[in-house]
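Before any comments, here is the structure.
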Amino acid sequence: MSVDHTRAPVLEALADYHAQGRLSFTPPGHKQARGADPAVREVLGDAVFLGDVLASGGLDDRLERGRVLERAEELMADAVHAEHTFFTTCGSSLSVKAAMLAVAGPHERLLIGRDAHKSVVSGLVLAGIEPVWVEPRWDAERHIAHPPSAAEFEEAFAAHPDAKGALITSPTPYGACADLRAVAEVCHRRSRPLIVDEAWGAHLPFHPDLPSWAMDAGADVCVTSIHKMGSGLEQGSVFHLRGDLVPPKLLKMRADLLGTTSPSVLIYAGLDGWRRQMALRGRELMSGALELAARVRAAVGELDGLRVDGRDDYCGPGLADDFDPLPCVIDVTGLGITGYRAADWLREHRAVDAHLTDHRRIGAQLTHADDAATADELLSALKDLVRAAPELRAAPGVDVPPPSELRMEQAMLPRDAFFGPTEDVPVARAAGRVAAEMITPYPPGIPAVLPGERLTEPVLRYLSTGRAAGMNLPDPTDPELGTVRVVARDA
């Protein structure tokens, strides 16, 4: 099949829609901005509304005979060496659930790295899948988790040979990467599929100096957030498929079960345009981003009290296998403040938003959209932070447990704990009880507590001290963490 990456089927169909002067008596009700509130139009601009049309019966005809979306997905698959690609407009939170449901069903086992995103846990709750947790490689000195190794998946399969497949997160939000080729080999020796949550790796296929990307490493299903490290709109996600271990029709059916029947053409257009941009100029753009990241890393490393986590920190025996340098993760412990305090100060005093924040780090995510001007602004703000740090009020400390105390017993299936009888108990009396909710420091969104885990005092203390220090906990029933929702005693 001849592939022409200069084409962008969704964008071209949208341009044709406007050129035809189509008059819609269908949703959306704003009717090409005419009915939108004037104040909303002033803030958003009419271009947003002009791109907001029905996917079926608008962008394409009611039977989708123009194959607009299908052609765009075929081009995306070719660009990243997949056999099939599916666009979604509900983020990778939907994509990863669809992948899980295509591999395992209720009460079937799935091997999962315990550093998985909260969307994976949501998939367990919805599907009734039984997780077999595979331990990450913990760096006890830096209090950070790296993806599990192939050997750890080998051991998990040996203990649970009936597991239907495996799921691993790589890269992590911190930039740590697994040896995906080795993990895929472990799975395929048993004819089991590997799902890779590569939400942070949209850029990886487009430069040889970046870590290997999941499809090239032999993964069966890969989930990618184009809005994270690409230039798509928020919620723009794709999942890719290779091989014959997961039937494409089954994967699409599982996605249809979860997805919206009103997909956003705006988001489709962003996915389509990003693919064309990267297929034509990806290597050039990523070369510039890598050069800029190297300059920023070197400059931050010269600032007193700041330290940039690098390859030597993350890779090595017992640690990660590879490293993506674009998430510029900065350790601020040398300033005597937490990452929460640093992020808040940068936003309030310099109008600079950091991404990842934890008890000791902030993340400055660099992409191909950054340039010398944005890099200089970041460095200037960090210099100001260094100068201001001695005057900042000391933040409460966060009591981070050692790796041996972070893991808790999975006493019940996540689904059973989440949907069963529950009660709220004071956090001081919650140790020993079985959690009925997720508790997730966000970002990066890796749950510290899962439904069905038996709560322990060290983990509860970590969350309580973290909350007092500025940790964001968006999902517990009590956002102040005065109480915790647990399985009722008589359940």
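With respect to residue 213, determine if the residue is part of a helix (DSSP H, G or I), among the aromatic types (Phe, Trp, Tyr) and either touching a residue at least 40 places away in the same chain (Cβ under 8 Å) or open to solvent by less than 20 Å² (accessible area, probe 1.4 Å) (or both). No, not satisfied. Take the conditions in contact with a strand residue (DSSP E or B) (Cβ under 6 Å, 6 or more places away or on another chain) and at pLDDT 95 or above and apply them to residue 416. Does it pass? So residue 416 fails the test. Residue count for the stretch 254-280, restricted to those that are surrounded by fewer than 19 Cβ atoms within 10 Å (Cβ to Cβ), touching a residue at least 12 places away in the same chain (Cβ under 8 Å) and β-branched (Val, Ile, Thr): 1. Among residues of the stretch 281-301 that are over 16 Å from residue 203 (Cβ atoms), those with a Cβ under 8 angstrom from a residue that is among the β-branched types (Val, Ile, Thr), sequence gap 6+ or separate chain, pair up as 297/308; 300/308; 300/330; 301/308. Count of the stretch 374-406 residues, restricted to those that are surrounded by 14 or more Cβ atoms within 10 Å (Cβ to Cβ) and touching a residue at least 40 places away in the same chain (Cβ under 8 Å), is 19. With respect to being in a loop (DSSP other than H, G, I, E, B) and either without any contact (Cβ under 8 Å) to a residue 40 or more places away in the chain or open to solvent by less than 10 Å² (accessible area, probe 1.4 Å) (or both), residue 251 falls outside the description. Within the stretch 216-240, can you find the residues that are open to solvent by 20 Å² or more (accessible area, probe 1.4 Å), part of a loop (DSSP other than H, G, I, E, B) and within 26 Å of residue 51 (Cα to Cα)? Hits for the stretch 216-240 are 231, 233, 234, 235. Residue 431 falls short on exactly one of the conditions (1) open to solvent by less than 30 Å² (accessible area, probe 1.4 Å); (2) touching an Asp or Glu at 6+ places or on another chain (Cβ under 8 Å); (3) part of a loop (DSSP other than H, G, I, E, B), and that condition is (1). With the condition kept exactly as written, say whether any residue in the stretch 266-276 is in contact with a Lys or Arg (Cβ under 8 Å, 6 or more places away or on another chain), among the small types (Gly, Ala, Ser) and at pLDDT 95 or above. No, the stretch 266-276 contains no residue that is in contact with a Lys or Arg (Cβ under 8 Å, 6 or more places away or on another chain), among the small types (Gly, Ala, Ser) and at pLDDT 95 or above. Of the residues that sit in the stretch 128-142 and are over 20 Å from the mean Cα position of the chain (by Cα) and not β-branched (Val, Ile, Thr), which one is nearest to residue 360 (Cα to Cα)? If we take residues in the stretch 128-142 being over 20 Å from the mean Cα position of the chain (by Cα) and not β-branched (Val, Ile, Thr), then 142 is nearest to residue 360 (Cα to Cα). The set of residues from the stretch 157-177 being open to solvent by 10 Å² or more (accessible area, probe 1.4 Å), out of contact with any Lys or Arg (no Cβ under 8 Å at 6 or more places or on another chain) and over 20 Å from residue 93 (Cβ atoms) comprises 158, 159. Is it true that residue 39 is modelled with pLDDT of 95 or more and open to solvent by less than 40 Å² (accessible area, probe 1.4 Å)? Criteria not met by residue 39.
Of 27, 9, all but one fail to be within 16 Å of residue 265 (Cβ to Cβ) and modelled with pLDDT under 95; the exception is 27. Go through the residues of the stretch 407-418 one by one and say whether even a single one is open to solvent by less than 50 Å² (accessible area, probe 1.4 Å) and not in a loop (DSSP other than H, G, I, E, B). Checked the stretch 407-418: at least one residue is open to solvent by less than 50 Å² (accessible area, probe 1.4 Å) and not in a loop (DSSP other than H, G, I, E, B). For the stretch 62-76, check the following and say yes or no: at least one residue is open to solvent by less than 50 Å² (accessible area, probe 1.4 Å), outside any helix (DSSP H, G or I), at pLDDT below 95 and of a type in the set (Asp, Glu). No, the conditions are met nowhere in the stretch 62-76. Scanning the stretch 128-151 for any residue that is open to solvent by less than 10 Å² (accessible area, probe 1.4 Å), small (Gly, Ala, Ser) and either in a loop (DSSP other than H, G, I, E, B) or more than 22 Å from residue 213 (Cβ to Cβ) (or both) turns up at least one such residue. Of all residue pairs spaced 6 or more apart or on separate chains, those with beta-carbon atoms under 7 Å, a first member in the stretch 108-120 that is more than 16 Å from residue 171 (Cα to Cα) and open to solvent by 40 Å² or more (accessible area, probe 1.4 Å) and a second member that is modelled with pLDDT of 95 or more and in a strand (DSSP E or B) are 108/130; 109/130; 109/132.
The values are calculated or read from the model by the stated rules, or taken from the named source; none is laboratory data. Here the structure is a predicted model, which is why all the values come from computation and not from measurement. With ideal geometry, Cβ positions are generated from the backbone for all residues, glycine too; neighbour counts draw on all protein chains shown. Remember, those area values only see protein heavy atoms, side chains included, never the ligands or the DNA or RNA. Shrake-Rupley method; radii C 1.70, N 1.55, O 1.52, S 1.80 Å.
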